[in-house]
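Everything below concerns the one structure shown next.
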Amino acid sequence: MDIILLGPPGAGKGTQAQRLVAEHAMRQLSTGDMLRAAVKAGTPTGLEAKAVMDRGELVSDAIVSALIDAELLAMGPETGAIFDGYPRTADQAAALDGILARHGRQLDHVIELEVDEDALVERITSRVTCENCGHIYSVPVNPPSSAGPVACEVCGSTEYKRRPDDNAETVRTRLGIYRADTAPILPHYEARGIVSRVDGMAAIEDVARAIDVILGLGHS
Ligand code: AP5
Ligand code: MG
């Protein structure tokens, strides 16, 4: 089963993708995570992407589609893909159709996480991720470090980091781009009858349950 998680910055795409990976053995394909890994490794893609990401603008369609293509090549057909943060332009949506067809795969669901934009700046400026495994936390909801270092519930590390693009100004740029370039790809999938909407303002566990119902998966 291949799915797209769609929603603005801070909607909870990464949180729900990580949960689906842990509970249902799917594979998260996050172009944001791939680009951040490229930046960290200092690859040519990373060097090109860094300034664009720090401004909250979009990296070129060709770069992100090539990253997705390469990841799918390395994946067996039995493993379901969760596209997280991709596609986010009409050109990327068209590219994904071609990539999936070449790999003999097809999209089963596009799940839009609907959120109140006013809550997103707060969510994003509160986000920390585990330095070692990348697990996502929220400082007010699940404080990893309020009374000294608390171990990551996944890997036990006590090191956490923030993303350089997680500041109020960049979030507003990212939200504007989501509205202008990404939300308009929804009709591409609505025409196929595969779009579902989930209330992304609900508690993480309730969002998870709603997604599992859509996917026909048992919820643990
Ligand atoms: P990317 O990494 O994809 O960032 P994004 O789309 O802006 O989304 P986020 O990762 O910020 O939010 P999320 O929805 O994953 O939320 P999360 O689960 O972490 O992209 C970064 C940059 O890379 C882009 O700006 C661009 O430059 C580039 N890029 C990436 N893909 C690209 C592409 N395809 N094309 C071109 N450029 C691309 O949750 C956020 C916080 O909220 C966390 O603290 C979490 O704990 C909390 N939270 C989650 N759910 C809930 C809930 N239900 N209730 C309360 N808190 C919650
Ligand atoms: Mg994310």
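The values are calculated or read from the model by the stated rules, or taken from the named source; none is laboratory data. No experiment lies behind these values; they were computed from the predicted model shown. Glycine gets a Cβ as well: all are built from the backbone with ideal geometry, and neighbour counts include every protein chain shown.
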Candidate set from the stretch 176-199 (those that are in contact with a helix residue (DSSP H, G or I) (Cβ under 6 Å, 6 or more places away or on another chain) and more than 20 Å from ASP61 (Cβ to Cβ)); member that is nearest to ligand 2 (Cβ to nearest atom): VAL198
Are there any pairs with C-beta distances below 6 angstrom linking a residue in the stretch 12-34 that is touching a residue at least 12 places away in the same chain (Cβ under 8 Å) to a residue that is assigned to a loop (DSSP other than H, G, I, E, B) and within 9 Å of ligand 2 (Cβ to nearest atom), with the two at least 6 apart or on different chains, and if so which? SER30/GLY85; THR31/GLY85; GLY32/GLY85
Exactly one of (1) more than 24 Å from VAL128 (Cβ to Cβ); (2) within 7 Å of ligand 1 (Cβ to nearest atom); (3) not polar (S, T, N, Q) is unmet by GLY193. Its number? (2)
Test for LEU20: is it closer than 27 Å to GLU122 by Cβ and away from ligand 1 (no atom under 11 Å from the Cβ): yes
Listed residues GLY46, GLY42, GLY14; which is closer than 14 Å to GLY134 by Cα and either at pLDDT 95 or above or under 17 Å from the mean Cα position of the chain (by Cα) (or both)? GLY14
Apart from one, (1) under 30 Å from GLU205 (Cβ atoms); (2) out of contact with any Lys or Arg (no Cβ under 6 Å at 6 or more places or on another chain); (3) surrounded by fewer than 21 Cβ atoms within 10 Å (Cβ to Cβ) all hold for GLY56; the odd one out is (2)
Of these, ALA11, ALA17, which one is of a type in the set (Gly, Ala, Ser), buried (at least 18 other Cβ atoms within 10 Å of the Cβ), within 10 Å of ligand 2 (Cβ to nearest atom) and not in a helix (DSSP H, G or I)? ALA11
Polar (S, T, N, Q) and in contact with an Asp or Glu (Cβ under 7 Å, 6 or more places away or on another chain) - does that describe any residue in the stretch 88-99? yes
Scan ARG88, ARG105 and give me the residue that is surrounded by 14 or more Cβ atoms within 10 Å (Cβ to Cβ) and either touching a Pro at 6+ places or on another chain (Cβ under 7 Å) or over 20 Å from GLY14 (Cα atoms) (or both). ARG105
Taking into account only those residues within the stretch 20-56 that are on the phi < 0 side of the Ramachandran plot and not in a helix (DSSP H, G or I), which is nearest to ligand 2 (Cβ to nearest atom)? SER30
